[in-house]
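Here the structure is laid out as structure tokens; the discussion comes afterwards.
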Amino acid sequence: MLCEECGIREANVRFTTISGGKSYEKMLCAQCLAKHKQELLDGISLGDLMAGFLKEEQNGEAPAEGLRCPGCGMAYEEFKSKGRLGCAKCYKAFSAQLEPVLARMHGRVRHAGKLPQSLREKTIDQDRIRSLKEEMEKAVAVEDFERAASLRDQIKALQKEAE
């Protein structure tokens, strides 16, 4: 199927927009999709996104009455209204309130970053080995030596495979 916008390239993405409560779909090529994405993102700032998430996050939020950043003096209420932090210390000062918001926005609260494909598998293996070592330590702590031995064997196999 050809792109519904340019009519030249093969359409490989279904692009859905919602306007006035109605849903509209178009089949687009990658280039036309990129153009639409940029148009959509131009009108939205990170502050706007954060402010929207903060307004929705009222229920699970830690109490923040009178909370201020020691670095810049910004009050949490001011941050909620602006959607922007004042300085780097704000992250620590408002961490209890920010964690649920960041978890909802990004799916996690720890920065994961991106890796080149050539390093991705190696890093995944290292993370798996670290995780298995932690599990093994817990198994030893509760004297589940059979499980610990099984985990040790898995660790050795992964290490050998990585070499």
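Cβ crowding within 10 Å ranks 98, 119, 33 as 119, 33, 98, fewest other Cβ atoms first. By the rule of a C-alpha distance below 23 Å, with chain neighbours fewer than 8 residues away ignored, the lysines paired with residue 35 are 22, 26. Fewest-first ordering of 124, 129, 18 by other beta carbons within 10 Å of each residue's beta carbon gives 18, 124, 129.
Charge tally around residue 5: other residues with Cβ under 10 Å, Lys/Arg +1 each, Asp/Glu -1 each, net +2. Straight-line cross-link partners of residue 122 among the lysines, defined as a Cα under 28 Å from its Cα and at least 8 positions apart when in the same chain: 114, 133, 138, 156, 160.
Estimated from the Cβ-Cβ distance and a Förster radius of 25 angstrom, the FRET efficiency linking residue 9 and residue 117 is about 0.50.
Each reported figure results from applying straightforward, stated rules to the coordinates on display, with no laboratory input. In this text the structure is predicted, and so the values were computed from the model without any measurement. Positions of Cβ are backbone-derived with ideal geometry, glycine not excepted, and every protein chain shown enters the neighbour counts.
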